Amino acid sequence: MQMTINFTEISNTIFNPLKSWAEQSQGNWNVLIVSGFILVFVGVILTLVLQKKMGKADERTKHISLNSAMIVLYVVILCDLIFPKEYMWQVFFLFKYAFAFLASAIYLAVRYKKDFF
């Protein structure tokens, strides 16, 4: 008996309720899109502000910046595995980058607090 992970079944199980909710009305679809854009803007702004607060590039801050970029890459890859590709891919593309930038901002905030406070 071989155990295989089928990401398509997992993502369909998780995201079908969201799909049905979004397709119920245009208002629900708009709420989903606007919340995605807000999350992207908040994540990008927080990431940029925290990068700026770290200071000029040196040995310490360059390492922190590279770790931040690595977190973005990991979250994008993880979301590519989890999010469905058959439906609402534009919305999930938006949320993929929103989650990636928010994860990066959280990492930078933790490092900033640890290093400077």
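None of the figures in this text is laboratory data; all of them are computed from the coordinates on show. Bear in mind that the values here come from a model prediction, so they are computed numbers and not experimental data. Here Cβ is always computed from backbone atoms with ideal geometry, including for glycine, and neighbour counts include all displayed protein chains.
Quick notes on this structure:
- Here the contact order of the chain, divided by its residue count and restricted to Cα pairs under 8 Å and six or more residues apart, works out to 40 percent.
- Among the chymotrypsin sites (Phe, Trp or Tyr not before Pro) in the range 50-102, those placed in a DSSP loop whose Cβ has at most 16 other Cβ atoms within 10 Å are Tyr87.
- Placing a pseudo-label 7 Å from each Cα along the Cα-to-Cβ vector at Val31 and Phe116 gives an inter-label distance of 3.7 nm.
- Helix 89-116 and the long axis of the chain differ in direction by around 30°, with both axes built from C-alpha atoms.
- Nitroxide proxy distance, nm - points 7 Å out along Cα→Cβ at Gln24 and Arg60: 5.1 nm
- Between 0 and 90°, nearest 10: helix 26-54 axis offset from the chain longest Cα axis: 20 degrees
- Comparing the chain with the 2.2 N^0.38 Å rule of thumb, its C-alpha radius of gyration ratio is 1.30 (two decimals).
- Taking the Cα centre of the chain as origin and assigning +1 to Lys and Arg Cβ atoms and -1 to Asp and Glu Cβ atoms, the resulting dipole is close to 580 debye.
- Ranked list, fewest to most other Cβ atoms within 10 Å of each Cβ, for Ile77, Ile71: Ile77, Ile71
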